[in-house]
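Following: one structure in structure tokens, then a few remarks.
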Amino acid sequence: MCAARMTVPLTPTGHRRAGRAVGVLSVALVAGLLAGCTAEPAPSPTPTPVATTTPTPTETADPAPEQVSEATTADEALPFFADVVAAVWGTDQRFQGRAYIDGLTQAGFDKSAMEVTFDESTVGNPAESIQFSVRWGEECLVGQVGPSTGDPVVAVMPGLATGRCLIGDTRPIDW
């Protein structure tokens, strides 16, 4: 069975924008994953906001680890990953893959487990979207940002059989 848990930003009206965000991320990631899937349907993704929200008195929040090094699963690490993505997105470096890698490294994620796509297309134009990932055991924390994405999108995805998280060419993280 092949299942992906997605986390996408929501608009106040609910899931309308989530479908578009999932579609953008899915084009690049899911196509390669489907080759190894069985015919069993995957569970529906459960959308949640990227930014951390304060629960109302009727809501309960799962206590998060105090730091990323205490997270034992990709699902536990996802809030930290999302916080870093949101913080970098709020800067003037929002379309620079290195800024996300540097931010994730500073937050305690393993730089040797990361991948990032190029900031520019093959003809030198700014990339329509940038993807970056951190391998976490058999799963991957994946983020996507860019003009074609709208708000940042983060997800926990199954790792690829190759040991990688992203499909296609990625740039060397040699800094």
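The values are calculated or read from the model by the stated rules, or taken from the named source; none is laboratory data. As the structure is a prediction and not an experimental result, all values here were calculated from the model. Virtual Cβ from ideal backbone geometry, glycine too; neighbours counted across all protein chains shown. Note: areas computed on protein heavy atoms with side chains; ligands, DNA, RNA excluded. Shrake-Rupley method; radii C 1.70, N 1.55, O 1.52, S 1.80 Å.
Would you be able to tell me the number of residues in region 74-130 that are open to solvent by 20 Å² or more (accessible area, probe 1.4 Å), in contact (Cβ under 8 Å) with a residue 60 or more places away in the chain and of a type in the set (Gly, Ala, Ser)?
Residues that pass the stated criteria total 2.
Exactly one of (1) open to solvent by 40 Å² or more (accessible area, probe 1.4 Å); (2) at pLDDT 95 or above; (3) touching a strand residue (DSSP E or B) at 6+ places or on another chain (Cβ under 9 Å) is unmet by SER133. Its number?
(1)
Looking for something modelled with pLDDT under 95, of a type in the set (Ser, Thr, Tyr) and either part of a loop (DSSP other than H, G, I, E, B) or more than 11 Å from the chain's Cα centre (by Cα) (or both) - is there at least one such residue anywhere in region 100-121?
Yes.
How about region 125-161: which of its residues are of a type in the set (D, E, K, R) and under 15 Å from ALA87 (Cα atoms)?
Result: ASP151, single match.
I'd like the full set of residues that are within 14 Å of the chain's Cα centre (by Cα) and of a type in the set (A, V, I, L, M, F, W, C), limited to region 88-99.
Correct list: VAL88, TRP89.
Regarding region 77-95, can at least one residue be identified that is closer than 18 Å to ARG171 by Cα and in contact with a strand residue (DSSP E or B) (Cβ under 7 Å, 6 or more places away or on another chain)?
Yes, there is a match, as at least one residue in region 77-95 is closer than 18 Å to ARG171 by Cα and in contact with a strand residue (DSSP E or B) (Cβ under 7 Å, 6 or more places away or on another chain).
Among the residues of region 147-175, what is the count of those that are modelled with pLDDT of 95 or more, surrounded by fewer than 20 Cβ atoms within 10 Å (Cβ to Cβ) and of a type in the set (Gly, Ala, Ser)?
Matching residues across region 147-175 total 3.
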